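Just so it is clear, none of the values below were taken in a lab; they were calculated from the coordinates. Quick caveat: nothing in here was measured; it's all calculated off a predicted structure. Ideal geometry is used to build each Cβ from the backbone, glycine not excepted, and the neighbour counts take in all protein chains shown.
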Amino acid sequence: MPVQSPIYRRVLLKASGEALMGSQGFGIDVSVADRIAADIAEARSMGVEVGVVIGGGNIFRGVAVASAGGDRVTGDHMGMLATIINSLALRTSLTKLGVDAVVLSAIAMPEICESFSQLKAQSHMDAGKVVIFAGGTGNPFFTTDSAAALRAAEIGADALFKGTQVDGVYSADPKKDPKATRYERITHAEVLQHDLAIMDTAAIALARENNIPIIVYSIHEQGGFGEILRGAGRCTVVSD
Ligand code: UDP
């Protein structure tokens, strides 16, 4: 029984790999994974269907190989594998809380998790499972932001939640510029026009084409996800 009416029925949550590493310089801080899982559990208790995309930047990014003179495609394969490690960590945290969760990977590895298909994702979500989309888009030269926008469109999400280090979209980097102001609402077009780096341009364009609002909020604020789902909370809504 939902405890309070949420403003979205089905959402896609994108968290960067860096969010998972907490104050460590690398890898996964299990307490952070547990906290993000608790936020997702709260959303489920409200009756919201949740899909998740986790990045891999806490473990590996393809550009690291390319900038060291290596092959970018191999580097990106390594980055996509990193997202699968993170996805398994989040599933573990969700399982500990009694939340039914499944990992669907864009890169087949049947011994470890199910392979992604849109139909499978829909059916798991219809059954009330949290679906964690691992392996990015499955293609090099993309990011997990683009994967998040793609999966949001494929599952018919009402909103794409982008969990970041700050509580919304600012006119400049608030950590560097004390005069930076926070937007309550902004359009996809304005984000692209002013080059406000909240997600990569492919992700924003895909969300815009599919009329999916992007909700930018702080992933570090415990309970923040649930607050926004209740129609309150601090965030910027990117919507046309
Ligand atoms: N990646 C990729 N294709 C995708 C998604 C990710 O090749 O569709 C690789 C890419 O090397 C990227 C890495 O996986 O640098 C980790 O993803 P991302 O940088 O988006 O993670 P985040 O910054 O969100 O932690």
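Worth a mention:
- Just one of (1) within 19 Å of L20 (Cα to Cα); (2) surrounded by fewer than 23 Cβ atoms within 10 Å (Cβ to Cβ); (3) within 16 Å of the ligand (Cβ to nearest atom) fails for I132. It is (2).
- Looking across segment 24-50, just one residue is among the polar types (S, T, N, Q) and either within 16 Å of the ligand (Cβ to nearest atom) or touching a Cys at 6+ places or on another chain (Cβ under 6 Å) (or both), and that is Q24.
- Matching helices (runs of 4 or more DSSP H) fully within segment 136-233 where at least 1 residues are farther than 28 Å from M78 by Cβ, within 13 Å of the chain's Cα centre (by Cα) and of a type outside the set (S, T, Y): 224-229
- Filtered residues of segment 113-131 (kept if closer than 17 Å to G47 by Cα and either of a type outside the set (S, T, N, Q) or in a loop (DSSP other than H, G, I, E, B) (or both)): H124, M125, D126, A127, G128, K129, V130, V131
- Residues that are more than 19 Å from I198 (Cβ to Cβ) and in contact (Cβ under 8 Å) with a residue 60 or more places away in the chain within segment 219-234 comprise Q222, G223, G226, L229, R230, G231, listed in sequence order.
- For segment 222-240, a residue qualifies if it is surrounded by 17 or more Cβ atoms within 10 Å (Cβ to Cβ), farther than 11 Å from L160 by Cα and touching a helix residue (DSSP H, G or I) at 6+ places or on another chain (Cβ under 9 Å), and the qualifying residues are G224, F225, G226, L229, G233, C235.
- Where helices (runs of 4 or more DSSP H) fall wholly inside segment 1-112, the ranges with 1 or more residues that are closer than 19 Å to Q222 by Cα are 17-20, 30-45, 72-96.
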